[in-house]
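Heads up, the thing below is written out as structure tokens.
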Amino acid sequence: MKRVLPAAIFWNESHLWGIWLYKALRKLKIKVELLSVEELETLTPNNYSVFFIPGGWSSNKLKALDEESKKRIRNFIEGGGVYFGICGGAGLATEEGLGLVEVKKNKNRVPGYSGTFLALIEKTHPLFKGIKQPIFYLFYPPDFEIKDKSIKVLASFLKPGKDAFSSDLPVVDFEGFWEEVEAFYEIALNPERMKYKPLFMESELGKGKIYLSLIHVDTPRDKNGAKILENLSFLHSISKVSNKENLSRVELKGLQKTFFINLQSFAQSLNNLILLAERNFLFYKRYPFLYQWRRGIRGLEYLNLWVIFKELLELLPKVKLSEDLLKVLWEKFLEIFSKLQYFLESSSFLLIKERLRLNKEKLTYKDTQDEELKNLRKELFGESKSYGGLYKEILDTMDYIFLKILKEYNNLTS
């Protein structure tokens, strides 16, 4: 009989997507532990049944892993563990990443698809048990070319949902215009290019299994995605937790109260930044859990920070932190305090500059004819599409702080 073990989430470079996955698993009462790259020495089939890798930039995840960590992931799978990669986490397993599967990323893809879609699924597979209408979510998925014929395709793309976007264009409104807008945007946009593309794959490595899910099964409020995760927990014997979510509120005082007040202030500034973008038609709220942004605007980056601050404000009143941990986290926060102030002030100016330039030219994440705008973008976000600059420094620090506090909460409620 297979042992019942907790699952693990690889946290590095996940941010919003890691939070989505953690919340989705905890909602199902699936026992999960959070592992940073420094903690992968515990990743063995004796400790964990499933190793989840959330979405995010697979290139950034790969950079976070040293050679020893890469070996540990491979050894975990070969020894009988299960690798479950979602979107960017699936991309990490490919030939361009860890080389766990003979799957290659296609460069000529539809890079900006987001929203629901109708899937063709392998109905008899236990992961899809109980799913009557196979509608799921995608968010900016890669395009996979399967080179190993033994890899099973469990789900593929059939047609877009009515709420779907391609880049910042509502799919339902642009039928018959794709050729024109593709020429203008200079990227593939037509979802028809995605038809029958593989979106959920199953492979084997040694004694273990690998699931590559471009489907965001962790999408908030998605019952079908949750069903897949629930089925996975039964199929691969993931242990459950008792319902201990309702912690009594901690009395905030001393350094923890100071920390909370400062986080609250910055969260309000971030919220004001989102509202500024909304007022200027750069953002709008598509779902209760996600905004849409104009092409050429750094939307997801702002949302990553905003969500982390919001989640911290929810966690801090639930967990009494030790003085030693508080001191460490507060000192880390002070390292970026003035940088965060500057970033938020500069971002307000940047968004208005981008709003004006959109009336004059086509923008991408780095291309503009305005030299002042170009230099400010480089300073704040770097020149890579996967972001850098001051933003990356701030995000890394806030993610470190968030993970430490989330671990404390997770230990209390597991």
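Derivation of every value follows stated rules applied to the coordinates shown; laboratory data play no part. In this text the structure is predicted, and so the values were computed from the model without any measurement. All Cβ positions, glycine included, derive from the backbone under ideal geometry; neighbour counts span all protein chains shown.
Would you mind calculating the relative contact order of region 1-115 from Cα pairs under 8 angstrom and at least 6 residues apart, reporting the percent as a whole number? Write down the numbers at each step before the final one.
Numbers: 176 pairs, mean separation 29.5, N = 115.
Contact order relative to length: 26 percent.
What are the ³J(HN,Hα) couplings of region 122-136, residue after residue, when phi is run through the Karplus curve with 6.51, -1.76, 1.60 and θ = phi - 60°? Round to Hz, x for glycine and proline.
Here the 3J(HN,Hα) series is 7, 4, 7, 6, x, 5, 9, 4, x, 9, 8, 10, x, 9, 9 Hz.
What percentages make up the Cα-Cα pair-distance distribution of region 254-413 when the bins are 5 Å wide from 0?
2, 8, 18, 20, 18, 14, 9, 6, 3, 1, 0
Which residue, F289, F165, F260, has the most motion in a Gaussian network model of the chain that connects Cα atoms within less than 10 Å?
Of F289, F165, F260, the Gaussian network model singles out F289 as fluctuating most.
Could you order peptides 174-182, 340-348 by the average number of other Cβ atoms within 10 Å of their residues, highest first?
Taking the mean over residues of other Cβ atoms within 10 Å, the ranking is 340-348, 174-182.
Just tell me, in residue order, which DSSP H segments of the chain are both 27 angstrom or longer along the helix axis (alpha-carbon based) and at least -1.0 in mean Kyte-Doolittle hydropathy.
Long hydrophobic helices here: 254-279, 323-357, 389-413.
Show me 71-81, 223-233, 265-275 ranked by packing, highest mean number of other Cβ atoms within 10 Å first. Don't skip to the end; give the middle numbers.
Values: 71-81: 18.5, 223-233: 20.5, 265-275: 15.9.
Highest-to-lowest ranking by the protection proxy: 223-233, 71-81, 265-275.
Evaluate Rg over Rh across the chain, taking Cα atoms for both radii and Kirkwood's formula for Rh.
Over the Cα atoms of the chain, Rg/Rh equals 0.96.
What order do you get for K107, K320, K123 when you list them from fewest to most C-beta neighbours inside 10 Å?
Lowest to highest Cβ neighbour count: K107, K123, K320.
Quick one: length gained pulling E175 to N46 fully straight, 0.36 nm per residue minus the C-alpha distance?
41.3 nm
Using alpha carbon centroids, what distance separates region 41-118 and region 1-22, in Å?
Region 41-118 and region 1-22 have Cα centres spaced 12 Å from each other.
Scan around L34 for amide H atoms under 5 Å from its own, H built in the peptide plane at 1.01 Å from N, and keep only partners 5 or more places away or cross-chain.
Close amide H contacts, sequence-distant or interchain: I9.
Give the relative contact order (percent, whole number) for the chain; include only Cα pairs under 8 Å separated by 6+ residues.
16 percent
With 10 angstrom as the radius, rank D168, D399 by how many other C-beta atoms surround their C-beta, starting from the fewest.
Details: D168 17, D399 20.
Listing D168, D399 from fewest to most nearby Cβ atoms yields D168, D399.
When the helices in the chain are scored as -39500 (n - 2.57) per DSSP H run of 4 or longer and the sum is shared across all residues, what 222 nm value do you end up with, to the nearest 500 deg cm²/dmol?
Roughly -13500 deg cm²/dmol at 222 nm, from the helical runs in the chain.
Calculate one ³J(HN,Hα) per residue across region 55-60 by plugging θ = phi - 60° into the Karplus curve 6.51 cos²θ - 1.76 cosθ + 1.60, and present them in order as whole Hz with x for glycine and proline.
Rounded to whole hertz, the list is x, x, 6, 5, 5, 5.
I need the trypsin sites (Lys or Arg not before Pro) found in region 338-403, filtered to DSSP loop residues with at most 15 other beta carbons within 10 Å of theirs.
Values: sites: K339, K353, R355, R357, K360, K362, K366, K374, R377, K378, K385, K392; in loops: K360, K362, K366, K385.
Taking region 338-403 and a limit of 15 other Cβ atoms within 10 Å, the loop trypsin sites (Lys or Arg not before Pro) found are K360, K362, K366, K385.
If you find the alpha carbon centre of region 345-414 and of region 186-233, how far apart are they in angstrom?
28 Å
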